[in-house]
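The block underneath contains the structure these notes are about, expressed in structure tokens.
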Amino acid sequence: MDYFLLLVLILSFAWTCFHVFTTGLPGRRKSSPAMLPPGPRPLPIVGNIFNLGNKPHQALADLSQTYGPIMTLKLGGITTIVMSSPYTAKEVLHKHDRALSARTIPGAVHAKDHHMNSIVWLPPAAHWKNLRKVSAMYMFTAQRLDASQALRRKKVQELLDYVLESCSKGQAVNIGQVAFTTSLNLISNTFFSIDLSHYHSEFSQSFSDITRGVLEDVGRPNFADYFTILRVIDPQGCQKRVKNYFEMLFHIFDGIIDKRTHPSDVSNMSTTGSRDLLDSLLDLAKDYNSEFSLLDLKHMLLDLFVAGTDTTSSTLEWAMAELLCNPEKLTKAQTELRKVIGKDEIVEESKITELPYLRAVVKETLRLHPPGPFLVPRKANSDVEICGFRVPESAQILVNVWAMGRDPNVWENPNSFVPERFLEVNIDIKGRDFELLPFGGGRRICPGMPLAVRMLHLTLASLLHSFDWKLADGLKPEKLDMSEKFGIALQKALPLLAVPIQV
């Protein structure tokens, strides 16, 4: 490690000298009267990299208590502006949404040229707008989501059948893993009309390892991102690992697409015998007048499977963990469910609006455990003034939604799990209320939010309605490990094992 740091210092010093002599000192624009926001004093060359620690969302939340809700860090050669309050987030996502809507691209995302074909990472230009239009028209319209309710109900029932089997054997359930399998099969059925995995299969764990590997490598601090001269070397191996993950996913997608594009083989048709979403998108990709290509399709699938499976399952695991840590909240949620739904009925999506406490549980979980502790990094297209400070062109913008969710100036008892707080205020999770932004906001809000919200509420409600739960191995609620594992998505460090009890 000492040799690696020495290499970093030597190369970064050379880069800094070159940059100074060719462009002048950074951040000195005489034409702008405003100053950069305050922040911790950067070290020579490396700047504030070592201020990040192994849990940057927590470290930056602590720093914001000293330097304020808008703060400057120098991460190697990158000027980074950190927003940690609802007001500053609104400035970024609403008032200056257009000027701050580009992306800072991590080196890991350059694998397989994903940054050139991804709705997540593309700049908001023509290609991005076309992909956004395709996702909105073909995947996430209210009409399509309403039409697929039966599919979600079927996938959740398969989950309940597996839990019932575990219940009859007295076995604990790995909540995160079964939730991942459910999410994976829901998305694969939505696109391909097939299950990609089963609850007794090892494939789900392998797929989970791939998606979590991507999210960890893209999200973790990477020297190659802070010193562009190191990108070719990839000293931490992030891009190499992500390339391997992408190739594994593309191999799966290519196999399914190749079978579907050979219509002479009846066995290659969708299992429902009718056209599904893959058929529609393949037709669109074959249309010479369309700006949507087969390459776009594969990268769109990559985005949806990586983001859609892990973040939904992780949020459900956090919700169950918080309820098991707070038995009185669990009882309150189950009482509401059994009163509204009835003991022997099944939970339908249409009933979710009649379950205010359940919806409050989901909001409170997303406040404490947002799917991503930071929104996907933005980049300034031009100089912008916020709170009297200058956000310079090309600066990286980080919105620390984890810090906002635990800000004592916004929330009473911010570190406590109190769903009741959302029964008293009308705050939603759809990007309009800047106190709670689990899916982002503005033009770069998560396009899969409508599906994620439906699936999360339905799955959690069904698990709580059909079973009572207790922690495995007689573990007491106060002893449950609630530590986090940092990445672009925020995961529970240790899996939640819970024993179902039939009601």
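The values are calculated or read from the model by the stated rules, or taken from the named source; none is laboratory data. Fair warning: this is a prediction, and the values are worked out from it, not measured in the lab. When we count neighbours, we look across all protein chains shown, and the Cβ atoms used for this are built from the backbone with ideal geometry, even at glycine. Note: accessible area is taken over every heavy atom of the protein model, side chains too, but ligands, DNA and RNA are not part of it. Shrake-Rupley method; radii C 1.70, N 1.55, O 1.52, S 1.80 Å.
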Give me the net charge of Pro495's neighbourhood, meaning all other residues with Cβ under 14 Å from the Cβ of Pro495; Lys, Arg count +1, Asp, Glu -1. -3
Cα-based Rg then Dmax for region 348-473, in Å, read 17.2, 56
Kindly provide the Kirkwood hydrodynamic radius of region 450-490 in Å, to one decimal, from all pairs of distinct alpha carbon atoms. 13.1 Å
Heavy atoms of the protein only, probe of 1.4 Å, neighbouring chains included. What is the accessible area of Cys387 in Å², nearest 10? 60 Å²
Could you work out the Rg to Rh ratio of region 293-362, with Rh taken as the Kirkwood radius (inverse of the mean 1/r over all Cα pairs)? 1.17
Using a probe radius of 1.4 Å on heavy atoms only, what accessible surface per residue do you get for the chain? Whole Å² is fine. 45 Å²
Can you sort Ser197, Ser280 by 1.4 Å-probe accessible area, starting with the largest? Ser280, Ser197
Between Phe250 and Lys95, with labels modelled 7 Å along Cα→Cβ, what's the label distance in nm to one decimal, could you check? 4.3 nm
So how far apart, in nm, are the two label points at Asn289 and Asp433 if each is 7 Å from Cα heading toward Cβ? 4.5 nm
Surface/4 of the Cα convex hull for the chain, nm²: 25.4 nm²
Using the alpha-carbon atoms, what tilt in degrees (0 to 90, nearest 10) does helix 449-466 show relative to the longest principal axis of the chain? 40 degrees
So for the chain: antiparallel DSSP bridges make up what percent, rounded to the nearest 5? 85 percent
Set the bar at 18 Å for Cα to Cα. Now go through Lys112/Lys298; Lys90/Lys379; Lys243/Lys379; Lys55/Lys430; Lys329/Lys485; Lys112/Lys243 and name every pair that lies beyond it. Lys243/Lys379; Lys55/Lys430; Lys329/Lys485
Reported to two decimal places, what Rg/Rh ratio describes region 45-178 when computed on Cα atoms with Rh from the Kirkwood expression? 1.11
Roughly how many Å² of His262 are accessible to a 1.4 Å probe, to the nearest 10? 100 Å²
Per residue and in cubic angstrom, what volume does the convex hull of the Cα atoms of region 368-423 have? 106 Å³
In what order, largest first, do Ser204, Ser382, Ser168 sit by accessible area if the probe radius is 1.4 Å? Ser168, Ser382, Ser204
Determine one quarter of the surface area of the Cα convex hull of region 122-252, which equals its mean projected area, and express it in nm² to one decimal. 10.9 nm²
Modelling each spin label as a point 7 Å along the Cα-to-Cβ direction, I'd like the Glu484/Ala34 distance in nm, to one decimal. 2.8 nm
Using the 2.2 N^0.38 Å rule of thumb for compact globular proteins, work out how region 154-203 stacks up: its C-alpha Rg over that value, please. 1.13
What FRET efficiency comes out for the pair Ser394/Asn130, r = Cβ-Cβ distance, R0 = 25 Å, nearest 0.05? 0.50
Could you compute Rg(Cα) / (2.2 N^0.38 Å) for region 110-199, with N its residue count? 1.44
Please give the helix 356-368 orientation as an angle from the longest Cα principal axis of the chain, in degrees from 0 to 90, rounded to the nearest 10. 30 degrees
Descending accessible area (1.4 Å probe), largest on the left, turns Tyr245, Tyr226, Tyr288 into Tyr288, Tyr245, Tyr226
Give a residue-ordered list of calculated ³J(HN,Hα) values for region 312-318 (Karplus: 6.51 cos²θ - 1.76 cosθ + 1.60, θ = phi - 60°; whole Hz; x for Gly, Pro). 5, 5, 5, 5, 5, 5, 5
Count charges around Arg443 for me, please; just the other residues with Cβ under 11 Å from its Cβ, Lys/Arg as +1, Asp/Glu as -1. +4
Using θ = phi - 60° and the Karplus curve 6.51 cos²θ - 1.76 cosθ + 1.60, what whole-Hz ³J(HN,Hα) does each residue of region 287-303 get, with Gly and Pro shown as x? 6, 5, 8, 8, 9, 9, 10, 4, 5, 4, 4, 5, 6, 5, 4, 4, 4
